[in-house]
Amino acid sequence: MTSESLQAQGAPARRTVVAAVGAAGLAAALSACGSDDSSSSGSATTQNGSGAGGGAEAGSSGAVLAKTGDIPEGGGKILAKEGVVVTQPVKGQFKAFSSKCTHQGCAVTGIAGGVISCPCHGSQFSAADGSVKKGPATQPLPAKNITVSGDEIKLA
């Protein structure tokens, strides 16, 4: 007696089931790899707090992200819960970007030396404008709209 003779009539072969599950997983993985960058690649804010950029993916509009004193000059802060990275490339100038790497959607985890780093595959982005400094990512981090009012940085 072979395994084919034990298989119920009309049931799909094991190979067919495995192939279908693999194809579904591949489709899900490929859809996660795409960038949802529908924003312009302009700066997230100017020194007075106005500027262009993308909309908020997480959090609500007007939500306080951080205090200006929390963002080091030449560095930044990753706000994982909000899905945002806020940087201060030069004194008094604040920028914001998505914290989701454009390569495969991993969360970025580090900011040092003017570079935002992704731990998954080593992509690096400029803390000044979100542009790719080192691949494998090919798209910049999407800019976020923020406003600076007094000592508060908020999603616009």
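Considering only segment 82-125, state which residues are more than 23 Å from G69 (Cβ to Cβ) and either of a type in the set (G, A, S) or without any contact (Cβ under 8 Å) to a residue 24 or more places away in the chain (or both).
As a first pass, look at segment 82-125 and keep what is more than 23 Å from G69 (Cβ to Cβ): 98, 100-107, 117-125.
Result: S98, G105, C106, A107, S117, C118, P119, C120, H121, G122, S123, Q124.
Do we have any residue at all in segment 131-141 that's touching a residue at least 60 places away in the same chain (Cβ under 8 Å), open to solvent by less than 40 Å² (accessible area, probe 1.4 Å) and within 18 Å of A156 (Cα to Cα)? Checked segment 131-141: no residue is touching a residue at least 60 places away in the same chain (Cβ under 8 Å), open to solvent by less than 40 Å² (accessible area, probe 1.4 Å) and within 18 Å of A156 (Cα to Cα). Only residues that are open to solvent by 10 Å² or more (accessible area, probe 1.4 Å), over 18 Å from the mean Cα position of the chain (by Cα) and not charged (D, E, K, R) were counted across segment 142-155, and they come to 4.
Take the conditions (1) open to solvent by 40 Å² or more (accessible area, probe 1.4 Å); (2) at pLDDT below 90; A128 misses just one of them, which is (2).
The values are calculated or read from the model by the stated rules, or taken from the named source; none is laboratory data. Predicted, not measured: the structure shown is a model, and the values here were computed from it. In this analysis, Cβ positions are derived from the backbone assuming ideal geometry, glycine residues included, and neighbour counts consider all displayed protein chains. All accessible areas refer to the heavy atoms of the entire protein, side chains included, with ligands and DNA or RNA removed. Shrake-Rupley method; radii C 1.70, N 1.55, O 1.52, S 1.80 Å.
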